[in-house]
Each structure stands twice: as C-alpha cells, then as structure tokens.
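Read-outs: derived from the displayed coordinates by stated rules, not from any lab. Computed from a prediction, not measured in an experiment: that's the story for all the values here. Using ideal geometry, Cβ is built from the backbone for each residue, glycine included, and neighbour counts are taken over all protein chains shown.
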C-alpha cells in the first residue's frame, strides 16, 4: 500500500477501551480503541520488560504492562509510571471501510 499504510485489522476486532497485538514482518505493534472510539497504534513491546503490551490492561488512555505494571499513555507514547521510563513509538492510524491501517513509513 502506498505511503507505508498497512492494514492491521478490521475495526470491529478491537473492543472499546481495549488493545490487540499486530505483528508485521519482524515487528510487533499494539492497536488500541479508546472509550471515545478513536484508534491508536504504538510499539507492541514494553520498553522496560520487553513484554507484549496487548496482554496488558487498558483504562482510559493508559496501557499497563502485564509484567511490572509500568504505564504508558497510548495516545502519545509517553511513559507514565515506573519502571517504564522510555516512551513508546507511536504510529498514525486511519480507518477506511471499517478497516484499521497504520502508517509505518517508507520501509
């Protein structure tokens, strides 16, 4: 797809205020649907414990890592609670025809 947009899932696959895992090539991402029905994408692994964030707990705009309870704001990628200190990468998201796409750039 042009401009680095990759189909990640169908919009309905993510429940409100939840997260799912998306793997593409050798990378893992976390896809979120906020309680106000907006979609977001971040790196899929915690920057502290290298654990899949999709196994974590979502509340409001926070994802909590399932291993050591570090927290990130998934709308900005900012680390919000130790032991997480390094921010997550975030990726643009768009919805087209009820499909979720994330932009990974040009290679």
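Would you mind calculating the gained length between residue 97 and residue 67 on full extension (0.36 nm times residue separation, minus the Cα-Cα distance), in nm to one decimal?
That works out to 7.2 nm of additional length.
Between residue 5 and residue 87, the modelled labels are 2.5 nm apart [label points 7 Å from Cα along Cα→Cβ].
Between residue 26 and residue 80, take the C-beta separation as r, use R0 = 35 Å, and let me know the FRET efficiency to the nearest 0.05.
On the way: r = 28 Å, r/R0 = 0.79.
So, using R0 = 35 Å, E works out to roughly 0.80.
Computed from the Cα positions only, the extents of the stretch 17-64 along the three principal axes stand at 31, 21, 13 Å, in decreasing order.
Starting from the Cα-Cα distance between residue 59 and residue 18, subtract it from 0.36 nm times their residue separation and give me the gain in nm to one decimal. Please report the intermediate quantities before stating the final value.
Working: separation 41, 0.36 × 41 = 14.76 nm, distance 0.81 nm.
That pair, residue 59 and residue 18, stretches by 13.9 nm at full extension.
What is the log10 of I(q)/I(0) for the chain, computed with the Debye formula using one identical point scatterer on each Cα and no solvent, at q = 0.12, 0.18, 0.23 Å⁻¹? Rounded to two decimals, the profile gives -0.35, -0.79, -1.23.
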